[in-house]
Amino acid sequence: MSNTLPPLTALRAFDAAARHMSFARAADELNVTPAALSFQIKSLEDHLGAPVFRRLNRAVELTDAGRALAPDAQAAFETLTAGWRVALRTQDHQTLTVTAGPAFTAKWLAPRLYEFAQEHPEIELRFSASLRMMDFARDDVDVAIRFGQGPDEGLYSLPLAAEWVVPVMTPELAARHPTAQSLSDAVLIVDKSIDFVRPVVNWQTWFDAMGVPMTPNYGPQFSQADHAIDAALAGVGVALGRRALVIKDLADGRLVAPYPFVLPTGGRFRFICPLGAETRPQVQAFQNWILQEIEKTAHIADAMTALEPPNQ
């Protein structure tokens, strides 16, 4: 019995047949004839010295040897396919696939993308608005922008601007609520999307940090931060806005922060990619552009005063 591996084509034929449990469907997947696929599997069995399938009347089933081989064969081809995709992407300097959460995509990326396209017409941007954990090889993603407290072990991870929350509202509402104390009769919009952050960051902790005794009058609650901000833009009430997601609206005057006292979240958005990929031209261009865009509104953040989080 030899430890020498059989031909790759034979293993590939076996993997396809084991997944489909059908020689005909496996042949279709590999774009070969059923006879050619049967020949490859017979070659594998000759190499092993034992059958991997039992040929039944109108079906096939795995033998003990086939069941032992199938999981690792499938995993090996998945790993090989993922590695090949990564290798192909290293040769692609024109396409950039980015994933970010729906809120960051809607409130930070989308309003600014025209400027990136103008600066880099040679780069084709593709976006996936998702909070799902990414496998860069499996998901064909080049860059992920994620919010949290990390760590991002084994990856290139660049923390972006420090994140905080601050009450934001329309200018019309601000005229009716000139002080933090006057929020006692305001509708307070609740953003549940950062409930996972520790220490806790919410309306009660902001009032406590301000030293304002308050029993908040909670209004609508949203699981996504961009929906909470949209409600504030519509004049529904006052939202506790996260820096990255409201700073453009603050810069453009659609929202105002009449009490410029911010509560740090302890989390940050991070620019994440596989180690080494940060030097690829389109990844580097995208990272530099994000940093330049953050700098454009840095004066707004600089005008804020950070509060000490209350003991929790």
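Laboratory data are not the source of any read-out in this text; all were calculated from the coordinates shown. These numbers come from a predicted model, not from an experiment. Glycine also receives a Cβ, built like all others from the backbone with ideal geometry; neighbour counts cover every protein chain displayed.
Counting only DSSP beta bridges with both residues in the range 140-267, what percent are antiparallel, rounded to the nearest 5?
That works out to approximately 60 percent antiparallel.
Using a 10 Å cut-off on Cβ atoms, rank the peptides 9-15, 202-208 from the highest mean neighbour count down.
9-15, 202-208
As a check on your grasp of the helix formula, calculate [θ] at 222 nm for the chain: sum -39500 (n - 2.57) over DSSP H runs of n ≥ 4, divide by the residue count, round to the nearest 500.
Helix-only estimate at 222 nm: -12000 deg cm²/dmol.
Simple spin-label model, 7 Å along Cα-to-Cβ: N3 to T63 in nm?
Spacing of the two 7 Å Cα→Cβ label points: 2.3 nm.
Could the peptides 259-268, 284-293 be put in order, highest first, of the mean number of other beta-carbon atoms found within 10 Å of their residues?
With the highest mean Cβ count within 10 Å placed first, the list reads 259-268, 284-293.
Taking 0.36 nm per residue of separation and subtracting the Cα-Cα distance, what length does fully extending E124 through L88 add?
11.4 nm
How high is the FRET efficiency between M21 and Q284 when r is their beta carbon distance and R₀ equals 45 Å, given to the nearest 0.05?
0.45
So how many Lys-Lys pairs in the chain land under 26 Å Cα to Cα, not counting same-chain pairs under 8 apart?
Eligible lysine pairs with Cα atoms under 26 Å apart amount to 5.
In µm²/s, what is D for the range 43-181 at 37 °C and 0.692 mPa s, where D = kT/(6 pi eta Rh) by Stokes-Einstein and Rh is the Kirkwood radius from Cα pairs?
It diffuses with D of about 160 µm²/s by this estimate.
If you build the convex hull over the alpha carbons only and average its shadow over all orientations, what do you get for the range 8-90? Give it in nm² to one decimal.
Spelled out: convex hull of the Cα atoms, projected over all directions, averaged, 5.5 nm².
In 5 Å bins starting at 0, how do the alpha-carbon pair distances of the range 95-312 split up by percent?
Histogram of Cα-Cα distances, whole percents per bin: 1, 7, 15, 19, 19, 15, 11, 7, 4, 2, 0.
Want the number for Y218 to R138: 0.36 nm per residue separation, take away the alpha-carbon distance, what's left?
24.6 nm
Of the DSSP beta bridges with both residues in the chain, give the percent that are antiparallel, rounding to the nearest 5.
If we restrict to bridges inside the chain, about 55 percent are antiparallel.
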